[in-house]
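Below is one structure, written out as structure tokens; the observations come after it.
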Amino acid sequence: MGYFGVKHFLIGPLLEMNEYLSVLEDIKRGMPVTVTGPSESQKAHMAYALCNHLGKKGVYIAYNELQARKIYEDFSCFFGRDVVLFTSREIMLHDVDAKSYDSVYERIDTLYRIERGDYNFIVTSAEALCQKLVERELFVDSILSFSVGGRIDLEFTIQKLISIGYERDTTVEGKGQFAVRGGIIDIFPVNSDSAIRIELFDDEIDSIRSFDLLTQRSIENVEDVTVLPAKEVIYPYQRRDSILQKISNDLEEQIKGIKNHSRNKTAAQSNAADSKSDIEKLQERIKFDIERFQQEYYFAGMDRYISYILENPFSVIDYIDSDVLTFVDEPNRFENRIEGFLEENYEMCKSLFEKGQLLKGSVEFFFDYEQLSNKLSGRKNLLYFCTLSADHRQPG
């Protein structure tokens, strides 16, 4: 049986079911649809069938990260490499570098595919949907393209690479690094398996070659290369002063609040020495971070300032065209997971507040349930899967 015969065998019989035809018609009319009773495997099967019969791409939002990874395997059987998984990432609030950035690089590469429309189906989770990303326009503007015969401004390119998260060194040893020697630029793009060497003749690109890090020998010549950002949370140089100003303003306001709180306590409750210590710890922490912004541009623990860096935060759903079929798995569980996720974040931040390690304005790492409901309710083609009939309330 050929490909099209297998495809018809999988989804053709559904067209003989009145219930399925009714779902198709409701989606065509732009109505949100709730399907009650399917098992986990039936959900994947039905989502695949609807995308095929309507000629649309799809996105499936699982109610937690574990479920997203499980159902991704089901969709991989249907779509092959044309299905992508956009996972959540750990927010790093302490001054500790991650052991590996591979998962971050995978997310950046997946986001690039989503932005370009290079997929037939996306699987993601409630946690990943919550996380704030750079606005789509800035992400696109942060992608560098080089081609043989093109012209570049070397100083601008160096500054651009730093602003999108690449670390400058004397030699390139791993992903996310670059080096400049005269008219040669070495870059190890996070979206590549090998480093590339760009050789300039004046300001014209004379050649582009991939090369081996150990031997420094060329592997092959290429005509062009695309370099994706090395960080998820990025910002252009021209925004840095305004970011630091917002941080400084919030520091002053928080110090005023600590002083006022201390004055309002009774003599028995108040401890001026403790209050002064809290203020000093907070000032020392934040001023140290401001210096790192100025000197290092990116640094470990920088996630503490996501809410200051992202001027117009996007969710991954904002990167996906509104015409894409959107499937929300178990809406009640979806809501509960988001609320639990935000509560976990609050508890994580609470201890850092008490230690004078965090500004109050730093806690807005995620979108809340209401914000996500508004984003979802504005989409054209929306379908909710509910295993139990009692679990059918739609977000928004």
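The values are calculated or read from the model by the stated rules, or taken from the named source; none is laboratory data. What you are looking at is a predicted structure, and each value in this text was computed from that prediction instead of being measured. Every residue, glycine as well, gets a Cβ built from its backbone with ideal geometry; the counts of neighbours run over all protein chains shown. The protein model used for the area step is the full one, side chains on, heavy atoms only, and it has no ligands, DNA or RNA in it. Shrake-Rupley method; radii C 1.70, N 1.55, O 1.52, S 1.80 Å.
Evaluated with a Cβ-only charge set (Lys, Arg +1; Asp, Glu -1), region 279-370 carries a dipole of roughly 620 debye about its Cα centre, given to the nearest 20. Pairs exceeding a 19 Å alpha-carbon distance, out of LYS231/LYS375; LYS43/LYS132; LYS28/LYS56; LYS231/LYS350: LYS231/LYS375; LYS43/LYS132; LYS231/LYS350. When shorter helices are ignored and each DSSP H run of at least 4 residues is given -39500 (n - 2.57), the per-residue value for the chain at 222 nm works out to -14000 deg cm²/dmol. Extension gain for ASN260 to LYS355 (0.36 nm times residue separation, less C-alpha to C-alpha distance): 32.4 nm. Once the Cα-Cα distance is subtracted from the 0.36 nm per residue extended length, the ASP141 to ILE158 segment shows a gain of 4.6 nm. With both labels modelled 7 Å from their Cα along Cα-to-Cβ, the VAL222 to GLU19 distance reads 4.9 nm. Using a probe of 1.4 Å on the protein chains alone, the accessible area found for THR34 is around 50 Å². Residue farthest toward the positive end of the dipole of region 1-148, with Cβ of Lys/Arg at +1 and Asp/Glu at -1: which of VAL35, ALA49, GLN131? So the residue we want is ALA49. Couplings for region 38-53, taken from phi via the Karplus curve 6.51 cos²θ - 1.76 cosθ + 1.60 with θ = phi - 60°, read x, 6, 4, 5, 5, 4, 5, 4, 5, 4, 4, 5, 4, 4, 5, 5 Hz in order; Gly and Pro are left as x.
The distance linking region 130-174 with region 302-371 is 26 Å (Cα centroid to Cα centroid, whole angstrom).
Our coupling estimate for region 201-214, obtained by passing each phi through the Karplus curve with A = 6.51, B = -1.76, C = 1.60 and θ = phi - 60°, is 10, 6, 10, 9, 6, 7, 7, 10, 9, 7, 8, 7, 5, 6 Hz, Gly and Pro reported as x. By its C-alpha gyration tensor, with a ≥ b ≥ c as the square roots of the eigenvalues, how is region 80-157 shaped: rounded for a/c under 1.5, else prolate for a/b larger than b/c, else oblate? In terms of gyration-tensor shape, oblate. Listed peptides 173-183, 57-67 appear in the order 57-67, 173-183 once ranked by packing, highest mean of other Cβ atoms within 10 Å at the front. Pairs of C-alpha atoms in the chain farther apart than 26 Å represent 61 percent of all such pairs. In the chain, the portion of solvent-accessible area held by carbon and sulfur atoms comes to 48 percent [1.4 Å probe, whole percent, DNA, RNA and ligands not counted]. What residues from region 361-388 fall in the zone where the backbone N is under 17 Å from a label point 7 Å along the Cα-to-C-beta line of MET348? Flagged as within label range: 361-369.
Counting only DSSP beta bridges with both residues in the chain, the antiparallel share comes to about 55 percent. Leaving out ligands and nucleic acids, and using a 1.4 Å probe, what accessible area per residue does region 1-158 come to in Å²? Using a 1.4 Å probe on heavy atoms only, each residue of region 1-158 averages 50 Å². Ranked by the mean number of other Cβ atoms within 10 Å of their residues, highest first, the peptides 118-128, 305-315 come out as 118-128, 305-315.
Taking amide H atoms as placed 1.01 Å from N in the peptide plane, the amide H of GLN357 has no partner under 5 Å among residues 5 or more positions away or on other chains. Kindly identify region 1-102 as rounded, prolate or oblate by the Cα gyration tensor criterion: order the square roots of the eigenvalues as a ≥ b ≥ c, call it rounded if a/c is under 1.5, otherwise compare a/b with b/c, prolate if a/b is larger, else oblate. Note, shape of region 1-102 comes out prolate. Classified by the C-alpha gyration tensor, region 282-382 has an oblate form. Its axis ratio a/c, with a ≥ b ≥ c, is 1.5 or above, and a/b does not exceed b/c.
Rounded to the nearest 20 debye, the dipole magnitude of the chain is 820 debye, with +1 charges on Lys and Arg beta carbons, -1 on Asp and Glu beta carbons, and the Cα centre as origin. The simple spin-label model puts a point 7 Å past each Cα toward its Cβ; for THR170 and VAL96 those points are separated by 3.1 nm. Taking all Cα pairs closer than 8 Å and separated by 6 or more residues, the relative contact order of region 136-195 comes to 18 percent. The trypsin sites (Lys or Arg not before Pro) of region 200-249 that DSSP puts in a loop, and whose beta carbon has at most 16 other beta carbons within 10 Å, are ARG217.
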